[in-house]
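The values are calculated or read from the model by the stated rules, or taken from the named source; none is laboratory data. All values reported here derive from a predicted model rather than from experimental measurement. Cβ placement follows ideal geometry from the backbone for every residue including glycine, while neighbour counts extend to all protein chains displayed. These accessible areas exclude ligands, DNA and RNA; they are computed on the full protein's heavy atoms, side chains included. Shrake-Rupley method; radii C 1.70, N 1.55, O 1.52, S 1.80 Å.
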Amino acid sequence: MQFLTPNYFGLSIFLVGIILFYLFRKQYDKHVISSTLLWHQVMQEWQATKWWRKLQRHLLMYLQLIILLLLMIALTRPFIGLSEYSGEHIIVIMDTSASMTAEEEESSRLQMAKEEVKDIIDQLDNQMMTVVLAEESPRILYSNETIKNRMIHAIEDLDTSYQVSDVNKAVQLANQILASSTGEIHVFSDRVEADQIRDNFLNYDLTIHNIGSSHANLSLHTFGVSEREGKVNGILTVNSEYTEEQLVRITIESDGEELRQIQELLEPNKLTQLSVEDLPTKPYYKAVITTNDDYQADNTSISFLQKTVNPSLYLVGDVNPFVVRALNYFKTDIIQVENGADVPDDATGIFILEDVPDDQWPNGPLFLLNPRKEGPFDVKEKQDLQSGLRVLKEDPLLNFVDLEEVYIQKSIPYESSQLETLVSTDDTPIISKGYHDGRPVIVLGVDIIDTDWPLHTGFPIFLYNSIQYLTEQQEILGYVKPNEQITIAYNANATQGSIVDENNDKLIDLNVDDGIFQAPNEPGLYRIQEIIGDRTKERLVAVTLDQEEHHIVPSESFAIELDQEDSSVNEQKPNEIWAWITIIAFIVLLLEWEVYRRGITN
């Protein structure tokens, strides 16, 4: 215990004064008696009594001494320790990325960070705390919290997000939160470098706590397979962060079946490429490092065997001849029908519709040309265009498509709020893509007879890109990031949907009426299942780590201290306890009054 104003200990002279007052105060009253003979023995015993035993007879004195002592100590402003954290508000930024799962002795880096944050919470002295999670988009765990138990429980419940941490964005958010108060920012991560922090906007002291020391990591950076001449071959790139040569063992498997084992001696801090030949044909392959290391999240990699998908094209309605001729250049399986009612219910493929009412739209990926008036997109009458086309966003649909010289006389306005508009003019959407009723759709708000686009080389390329987009959305889900939002097209007859892991354990129930869901956060292989009548349709999706999360070598901790105009901002705040001592003194005062009231003076 230390004291801010120890000079008040000089008041201890009053303690001595009270003791002297009780020692020398008069203990008797004068009375006239006939003889003192009987009092001589009592007086002799009293004079022989030790002085400290005389004090035991005076309870009031003890209570008064305690009151005075407590008040004197309160005036000296005692404190227990010194808070290392200045200001009214402490911001903590937590990195929950995959690399924070790396093991350090008997704990993970994230667990070590949580323990350090709990130490900060213990040292807070009536200060607020806000915790920001440094994910791809920073997220606030709690804000302006002052109750320590709530803070600790929230920290203990925190889990790994496996997302790439954007510490710089999180620091900017923390700087904005502190804009109306004083405080400092503490970042708990493992690989933050000083040049990653843009301090030109920083107005508060920043401390980076990089946690960990382990270099024991073997990582699968890439894994790909391809089929050629009936044989499936694969290539892996493996990295070792060990400081010496390390033997790595890798197993290639699929659906629980072991297909191949690889063993290689890796040089330290170097990428090594390994080839795998003549694998049996499987829908997917999973490479797993079986050698023990301190970081498990990057020991697995999944590769899908990409097969050429060539769905049928259904031309529904009076499709413009220019479109039909362009499609014939790269598609042979083309089926023409007069209206949507003629399309079989079990037909699978891509449907190109022109001037077809929405009640006749088939169940599957749609390419809408010259959409009919009204309908789900609230199509309006044709209108003349007054300006040229404007590309709003670069997109695979527009790869190698030049629209600068394209002339359009009239457009067909439609409502595109539920779609993503790629090309517009006069605030009128021309080309949009997205999902409708759970199926992928492309809308071209132009009648082909009102444009010279078919005469340009970009027109058949646009049609090809569109067919590729609709094909991919129908057949594959591929690779996604942890917690990434996924948009898929469910079968219109699907009644249930779910996400299951490799052990076939259900993780999430999906709403088949909503084509958007969030991918799991833990890397691995997952199946998207749909119940369609009495059958189950499955699609595979792999949740993969970002390349930044394949390294665990920690950086050095550092701090950025700013010169503040107000020196009180950086002043360390002591944990004073004078208020508690004053309360105790008041309680003793009440007790002393009760003793006095009852007349207990011995």
Practice task
Considering each of ASN292, ASN310 in turn, give the residue that is outside any strand (DSSP E or B), out of contact with any Ser or Thr (no Cβ under 9 Å at 6 or more places or on another chain) and exposed (fewer than 13 other Cβ atoms within 10 Å of the Cβ).
Solution key: ASN292
Fill in the blank from the handout: Of the residues in region 319-340, those that are modelled with pLDDT of 90 or more and either among the basic types (Lys, Arg) or assigned to a loop (DSSP other than H, G, I, E, B) (or both) number 3
Exercise for the section: For residues that are under 29 Å from GLU244 (Cβ atoms) and in contact with a helix residue (DSSP H, G or I) (Cβ under 6 Å, 6 or more places away or on another chain), tally how many sit in region 197-214. Expected result: 2
Handout entry: Set GLU538, GLU502, GLU530, GLU522: member being at pLDDT 80 or above, open to solvent by less than 50 Å² (accessible area, probe 1.4 Å), at negative phi and charged (D, E, K, R)
Key = GLU530
Exercise for the section: Mind listing whichever residues of region 405-444 are under 19 Å from TYR464 (Cα atoms) and assigned to a loop (DSSP other than H, G, I, E, B)? Expected result: VAL406
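For (1) assigned to a loop (DSSP other than H, G, I, E, B); (2) touching a residue at least 24 places away in the same chain (Cβ under 8 Å); (3) under 26 Å from GLU548 (Cβ atoms), each residue gets a yes or a no:
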| site | (1), (2), (3) |
| --- | --- |
| ILE66 | no, yes, no |
| LEU71 | no, yes, no |
| ILE91 | no, yes, yes |
| SER99 | no, yes, yes |
| GLN111 | no, no, yes |
| GLU115 | no, no, yes |
| THR130 | no, yes, yes |
Handout entry: Flag if VAL324 is among the hydrophobic types (A, V, I, L, M, F, W, C), in contact with a strand residue (DSSP E or B) (Cβ under 8 Å, 6 or more places away or on another chain) and surrounded by fewer than 17 Cβ atoms within 10 Å (Cβ to Cβ)
Key = yes
Problem - Tabulated pairs, region 242-261, first free of Cβ contacts under 8 Å to residues at least 12 places away in the same chain, second open to solvent by less than 70 Å² (accessible area, probe 1.4 Å), C-beta under 7 angstrom, 6+ apart or interchain - result: GLU258/THR251
Practice task
Give the residues of region 191-217 that are open to solvent by less than 40 Å² (accessible area, probe 1.4 Å) and over 23 Å from the mean Cα position of the chain (by Cα), sorted by residue number.
Solution key: TYR204, ASP205, SER214, ALA216, ASN217
Fill in the blank from the handout: Those residues of region 262-275 which are of a type outside the set (Lys, Arg), touching a residue at least 24 places away in the same chain (Cβ under 8 Å) and either more than 27 Å from HIS215 (Cβ to Cβ) or surrounded by fewer than 16 Cβ atoms within 10 Å (Cβ to Cβ) (or both) amount to GLU264, GLU267, PRO268, ASN269, LEU271, THR272, GLN273, SER275
Fill in the blank from the handout: When (1) among the basic types (Lys, Arg); (2) assigned to a strand (DSSP E or B); (3) out of contact with any Pro (no Cβ under 8 Å at 6 or more places or on another chain) are applied to LYS393, the one that fails is (2)
Practice task
Look through region 157-182, keep the residues that are outside any loop (DSSP other than H, G, I, E, B) and at pLDDT below 90, and return whichever of them is farthest from PRO138 (Cα to Cα).
Solution key: SER180
Fill in the blank from the handout: Within region 276-289, residues in a strand (DSSP E or B) and loosely packed, with under 12 Cβ neighbours inside 10 Å come out as GLU277, ASP278
Handout entry: Total residues in region 551-602, condition among the β-branched types (Val, Ile, Thr) and modelled with pLDDT under 80
Key = 5
Completion exercise
Of the residues in region 399-432 that are touching a Gly at 6+ places or on another chain (Cβ under 9 Å) and touching a residue at least 60 places away in the same chain (Cβ under 8 Å), the one that is farthest from LEU385 (Cα to Cα) is PHE400
Exercise for the section: Considering every residue within region 232-249, establish whether at least one is out of contact with any helix residue (DSSP H, G or I) (no Cβ under 7 Å at 6 or more places or on another chain), over 30 Å from GLU105 (Cβ atoms) and open to solvent by 70 Å² or more (accessible area, probe 1.4 Å). Expected result: yes
Problem - Check on ASP345, under 21 Å from HIS436 (Cβ atoms), acidic (Asp, Glu), in a loop (DSSP other than H, G, I, E, B) and open to solvent by 80 Å² or more (accessible area, probe 1.4 Å) - result: yes
